[in-house]
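Enquirer: Sharing a structure, written as structure tokens. Questions coming.
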Amino acid sequence: MQRSHHSPLVWGSEHKPDGWTVELGHEQPLLLDCGTAIGPFTIAYQTYGQLNASRSNAILICHALTGDQFVADPHPITGKDGWWSMLIGPGRVLDTDRFFLVCSNVLGGCMGSTGPKEINPATDTPWALSFPVITIADMVRAQAMLLDYLGIWRLFCVIGGSMGAMQVLQWATSYPERVFAAVPIAGSYRHSAQNIAFHEVGRRAIMADPDWCSGHYLRQGKVPHRGLAVARMAAHITYLSEAALHRRFGRTLHNRSQVTYGFDADFQVESYLRYQGSTFVDRFDANSYLYITRAMDYFDLTVEQGGVLANAFRGTKTRFCVVSFTSDWLFPTSESRAIVHALNAVAANVSFVEIETDKGHDAFLLDEPEFHTTLVGFLEGAAAEHRDLLRCRGL
Amino acid sequence: MKDSRNARSAIRIDLMLIADMISPGARVLDIGCGEGILLEYLGQFKQVDGRGIELSMAGVREAVRRGLSVIQGNADTDLKDYPSDSFDYVVLSQTLQATRSPRVVLENLLRIGKYAIVSFPNFGYWRNRLHLLLKGRMPLTDSLPYQWWDTPNIHFCTVRDFVSLCGEVGITIEQALALDRRGRVQKLTTLGMLTNTLAYQAVYRLRRDR
């Protein structure tokens, strides 16, 4: 993976072995939706490719709930490939020969950006539940400050799936003049009641774990791993589809020839979920999970628009490519279609593709050739309006 | 830059005729745009700002892959979202007969666009009449290849039917072309009985009555 090793843009930021970090909000703290001001705060980020001279080739990648800034690097904790490494690299969908890619860990996250597990300088102890409740709009404000710092005013594109799609839509409505193209994938303009319900199950699982210690587990040297693992197991089911689960596991038994008439993981699907739960605990902070799921729950672009989504996009010049997946029941196509209808209502420039797959919500992270070629087509079409972004053909 | 004559030969004649009706630099909405062949042509050779709606996902994916702004949607249900006067031209090519409410669709076309361009197969074409007359069965021809029970074409009309509907909903026909079986423009100046019998398909440029 080619990495931008230095550009004059990143003065002041610190490159640790596990990525870049920068402290923002020194002069002007970030005023959060909840009314609290936070600053200075840290944002951890990764970049790929080189920013061009006209600074017109930047793409901001927004990660999902449990994602992070390691889009195309091996993960510093798990060692696994970045969550979109399939898409990123020279000549790939997000072509690092042409684009400068930025991805930052969201505010409230647990991979280096300021969040509940970091130390609150005022108390010298982890923030835990004294961390202010953040929103998707707050995450986006922090990203905008990062881009200001990097000297990038206008983004060629903002792209992301799931919670990333929420950030994309927030970008397009909060900073329309800074976003040339927006690609919300498998997302929604507001979190549905069903999705809030699932998040509540996850949060209750964490809080019911005695090791959660009312949020102060770090101080007590504990980790609410059982609660967090159960939260992950429940959530993981929502990322898949009935068909995908059945295809992969069916009713196959796990390392045994018959059921044991007990509560061990008799079935492969149980063993798989337990594994998903336990590995998640190693890389994710329980309080971060509470905060970020809450941010998603609060997301509703219509709130400030008198309930009319189209008003959020009025006058937009951004070109949109909305993508959904047929078997995604967490963020079903109908949610994406509502976004498309709102964009049509303001005569915005929008493409909308529903990709056929049985892989559920997670499809946006997986090898879906049709999805990938759609992205390439859209980005090519958008780049056609930027002379300096066109691919050199046979010259 | 590609040779424009090659490009012309690469697209269907009826699409070519539609393209010729559109002024350069216009805003165009192509409903039932398929894989975006017309939109691509218009973008390339007429600097048109084009958008498309297509029912089939395969068509939409191909169009977006080509870098066109196309959404998956339906002429019957999705046109109401578009604001009035948001396009110069709205194109409905070979799709009107497949809509659930052709009249509502037609009205929407001219609400959204200053002009509408509509093409459809003429059910009054003499071969269709002959087929019905002699065989007593629904016509099956190369432009109407579907059996009655699986056809997407649920609202066939003749040239005269269409002209009469335009009159009823206050639409002015600015230009009318009758095409023969090979897609050549027929030298028929009127839209009378003869056209209604000889036109294989028809292309209209429409605007609202002033």
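Enquirer: Checking A:Leu129 against (1) open to solvent by 20 Å² or more (accessible area, probe 1.4 Å); (2) in contact with a strand residue (DSSP E or B) (Cβ under 8 Å, 6 or more places away or on another chain); (3) under 13 Å from A:Ile292 (Cα atoms); (4) not acidic (Asp, Glu), which test does it fail?
Expert: Of the numbered conditions (1) open to solvent by 20 Å² or more (accessible area, probe 1.4 Å); (2) in contact with a strand residue (DSSP E or B) (Cβ under 8 Å, 6 or more places away or on another chain); (3) under 13 Å from A:Ile292 (Cα atoms); (4) not acidic (Asp, Glu), the odd one out for A:Leu129 is (2).
Enquirer: Moving on. Go over the candidates A:Ala58, A:Ala44, A:Ala37 one by one and state the one that is farther than 16 Å from A:Thr114 by Cβ and either at pLDDT 95 or above or outside the structural domain of A:Asp138 (by TED's automatic domain parsing) (or both).
Expert: Details: A:Ala44 fails: farther than 16 Å from A:Thr114 by Cβ; A:Ala37 fails: farther than 16 Å from A:Thr114 by Cβ.
Going through A:Ala58, A:Ala44, A:Ala37 in turn, the sole match is A:Ala58.
Enquirer: Residues in the stretch A:226-254 that are open to solvent by less than 30 Å² (accessible area, probe 1.4 Å), over 18 Å from A:Thr66 (Cβ atoms) and outside any helix (DSSP H, G or I): how many?
Expert: Selection size over the stretch A:226-254: 3.
Enquirer: Further question on the same structure: Inspect the stretch B:50-60 for any residue being out of contact with any His (no Cβ under 6 Å at 6 or more places or on another chain) and open to solvent by 60 Å² or more (accessible area, probe 1.4 Å) and give the result as yes or no. Don't jump to the end; show me each part of the working.
Expert: First, the residues of the stretch B:50-60 that are out of contact with any His (no Cβ under 6 Å at 6 or more places or on another chain): B:50-60.
Among the residues that remain, those that are also open to solvent by 60 Å² or more (accessible area, probe 1.4 Å) are: B:55, B:58.
Yes: the stretch B:50-60 contains one or more residues that are out of contact with any His (no Cβ under 6 Å at 6 or more places or on another chain) and open to solvent by 60 Å² or more (accessible area, probe 1.4 Å).
Enquirer: Anything in the stretch A:325-357 that is part of a loop (DSSP other than H, G, I, E, B), charged (D, E, K, R) and more than 9 Å from chain B (Cβ to nearest Cβ)? List them, or say none.
Expert: Taking the stretch A:325-357 first, the residues part of a loop (DSSP other than H, G, I, E, B) are A:326-332, A:346-348, A:356-357.
Those left that are additionally charged (D, E, K, R): A:328, A:356.
Selection gives A:Asp328 alone.
Enquirer: Moving to a separate point now. For residues in the stretch B:21-46 being at pLDDT 95 or above and surrounded by fewer than 16 Cβ atoms within 10 Å (Cβ to Cβ), which is nearest to the chain's Cα centre (by Cα)?
Expert: B:Ser23
Enquirer: Could you list, in sequence order, all residues of the stretch A:346-371 that are in contact with a Leu (Cβ under 9 Å, 6 or more places away or on another chain) and either open to solvent by 20 Å² or more (accessible area, probe 1.4 Å) or free of Cβ contacts under 8 Å to residues at least 60 places away in the same chain (or both)? Full working, then the answer.
Expert: If we filter the stretch A:346-371 for residues that are in contact with a Leu (Cβ under 9 Å, 6 or more places away or on another chain), which is where we start, we get A:349-352, A:357, A:359-362.
Scanning the stretch A:346-371 gives A:Asn349, A:Val350, A:Ser351, A:Phe352, A:Thr357, A:Lys359, A:Asp362.
Enquirer: A follow-up question, please. So, A:Met111, is that one touching a residue at least 12 places away in the same chain (Cβ under 8 Å), more than 27 Å from A:Phe331 (Cβ to Cβ) and open to solvent by 10 Å² or more (accessible area, probe 1.4 Å) or not? Reasoning before the result, please.
Expert: Values: touching a residue at least 12 places away in the same chain (Cβ under 8 Å): yes; more than 27 Å from A:Phe331 (Cβ to Cβ): no; open to solvent by 10 Å² or more (accessible area, probe 1.4 Å): yes.
In short, no.
Enquirer: Among the residues of the stretch B:121-151, count how many are open to solvent by less than 40 Å² (accessible area, probe 1.4 Å) and among the hydroxyl-bearing types (Ser, Thr, Tyr). Working first, answer last.
Expert: Step one: filter the stretch B:121-151 for residues open to solvent by less than 40 Å² (accessible area, probe 1.4 Å), giving B:121-122, B:124-125, B:128, B:131, B:139, B:141, B:144, B:151.
Subsequent filtering for residues that are among the hydroxyl-bearing types (Ser, Thr, Tyr) retains B:125, B:141, B:151.
The qualifying residues number 3.
Enquirer: For the stretch A:273-282, enumerate the residues that are open to solvent by 50 Å² or more (accessible area, probe 1.4 Å) and either on the phi > 0 side of the Ramachandran plot or in contact (Cβ under 8 Å) with a residue 40 or more places away in the chain (or both). Let's see the steps before the verdict.
Expert: At the first step, the residues of the stretch A:273-282 found to be open to solvent by 50 Å² or more (accessible area, probe 1.4 Å) are A:274-275, A:278, A:282.
Listed by number, the residues that qualify are A:Arg274, A:Ser278, A:Asp282.
Enquirer: Show the residue pairs meeting these rules: Cβ distance below 7 Å; 6+ apart or different chains; first residue within the stretch B:38-54 and farther than 23 Å from A:Glu354 by Cα; second residue of a type in the set (Gly, Ala, Ser) and surrounded by fewer than 16 Cβ atoms within 10 Å (Cβ to Cβ).
Expert: B:Phe45/B:Ser4; B:Gln47/B:Gly25; B:Val48/B:Gly25
Enquirer: Still on this structure: Suppose the filter is within 14 Å of chain A (Cβ to nearest Cβ) and in contact (Cβ under 8 Å) with a residue 40 or more places away in the chain; does B:Val70 pass it?
Expert: Numbers: within 14 Å of chain A (Cβ to nearest Cβ): yes; in contact (Cβ under 8 Å) with a residue 40 or more places away in the chain: no.
No, not satisfied.
Enquirer: Do we find a residue being under 30 Å from A:Arg219 (Cα atoms) and surrounded by fewer than 21 Cβ atoms within 10 Å (Cβ to Cβ) anywhere in the stretch A:255-272?
Expert: We begin by selecting, within the stretch A:255-272, every residue under 30 Å from A:Arg219 (Cα atoms); these are none.
The answer is no, given that none of the residues of the stretch A:255-272 is under 30 Å from A:Arg219 (Cα atoms) and surrounded by fewer than 21 Cβ atoms within 10 Å (Cβ to Cβ).
Enquirer: Enumerate the helices (runs of 4 or more DSSP H) found wholly within the stretch B:8-110, keeping only those where 1 or more residues are touching a Cys at 6+ places or on another chain (Cβ under 8 Å). Lay out the reasoning, then the answer.
Expert: Values: elements: B:13-20, B:37-46, B:57-65, B:75-78.
Answer list for the stretch B:8-110: B:37-46, B:57-65.
Enquirer: Hey, another quick one. How many residues does the stretch B:165-181 contain that are within 15 Å of B:Tyr115 (Cα to Cα) and either surrounded by 15 or more Cβ atoms within 10 Å (Cβ to Cβ) or of a type in the set (A, V, I, L, M, F, W, C) (or both)?
Expert: Within the stretch B:165-181, the subset within 15 Å of B:Tyr115 (Cα to Cα) is B:166, B:169-176.
Retained after the next criterion (residues that are either surrounded by 15 or more Cβ atoms within 10 Å (Cβ to Cβ) or of a type in the set (A, V, I, L, M, F, W, C) (or both)): B:166, B:169, B:171, B:173, B:176.
Total satisfying the criteria: 5.
Enquirer: Please specify each residue of the stretch B:97-120 satisfying the condition of being open to solvent by 10 Å² or more (accessible area, probe 1.4 Å) and away from every other protein chain (no Cβ under 14 Å).
Expert: Let us first name the residues in the stretch B:97-120 that are open to solvent by 10 Å² or more (accessible area, probe 1.4 Å), namely B:97-98, B:100-104, B:107-108, B:111, B:114-115.
If the condition is that a residue be open to solvent by 10 Å² or more (accessible area, probe 1.4 Å) and away from every other protein chain (no Cβ under 14 Å), then B:Gln97, B:Ala98, B:Arg100, B:Ser101, B:Pro102, B:Arg103, B:Val104, B:Glu107, B:Tyr115 are the ones that fit.
Enquirer: Looking at A:Thr252, A:Thr238, which is the one that is β-branched (Val, Ile, Thr) and over 30 Å from A:Val168 (Cβ atoms)? Step through it out loud before you land on a result.
Expert: Values: A:Thr238 fails: over 30 Å from A:Val168 (Cβ atoms).
Checking each option against the conditions leaves just A:Thr252.
Enquirer: Return yes when A:Leu290 is buried (at least 18 other Cβ atoms within 10 Å of the Cβ), part of a helix (DSSP H, G or I), within 12 Å of another protein chain (Cβ to nearest Cβ) and in contact (Cβ under 8 Å) with a residue 24 or more places away in the chain and no when it is not. Please lay out each step first, then the result.
Expert: Values: buried (at least 18 other Cβ atoms within 10 Å of the Cβ): yes; part of a helix (DSSP H, G or I): yes; within 12 Å of another protein chain (Cβ to nearest Cβ): no; in contact (Cβ under 8 Å) with a residue 24 or more places away in the chain: yes.
No: the conditions fail for A:Leu290.
Enquirer: On to the next question. Is it the case that the stretch A:304-324 has a residue that's in a helix (DSSP H, G or I), more than 8 Å from chain B (Cβ to nearest Cβ) and touching a strand residue (DSSP E or B) at 6+ places or on another chain (Cβ under 6 Å)? Step through it out loud before you land on a result.
Expert: Within the stretch A:304-324, the subset in a helix (DSSP H, G or I) is A:304-305, A:309-312.
This time we only want the ones that are more than 8 Å from chain B (Cβ to nearest Cβ), so: A:304-305, A:309-312.
With the extra rule that they be touching a strand residue (DSSP E or B) at 6+ places or on another chain (Cβ under 6 Å), the set shrinks to none.
Within the stretch A:304-324, none of the residues are in a helix (DSSP H, G or I), more than 8 Å from chain B (Cβ to nearest Cβ) and touching a strand residue (DSSP E or B) at 6+ places or on another chain (Cβ under 6 Å).
Enquirer: Does the stretch A:56-81 hold any residues that are within 15 Å of the chain's Cα centre (by Cα) and free of Cβ contacts under 8 Å to residues at least 40 places away in the same chain, and which are they?
Expert: If the condition is that a residue be within 15 Å of the chain's Cα centre (by Cα) and free of Cβ contacts under 8 Å to residues at least 40 places away in the same chain, then A:Val71 is the only one that fits.
The values are calculated or read from the model by the stated rules, or taken from the named source; none is laboratory data. Because the structure is a prediction, the values reported are computed rather than measured. Counting neighbours? That spans all protein chains shown, and the Cβs are built from the backbone with ideal geometry, glycine included. Only protein heavy atoms, including side chains, enter the accessible area calculation; ligands, DNA and RNA are left aside. Shrake-Rupley method; radii C 1.70, N 1.55, O 1.52, S 1.80 Å.
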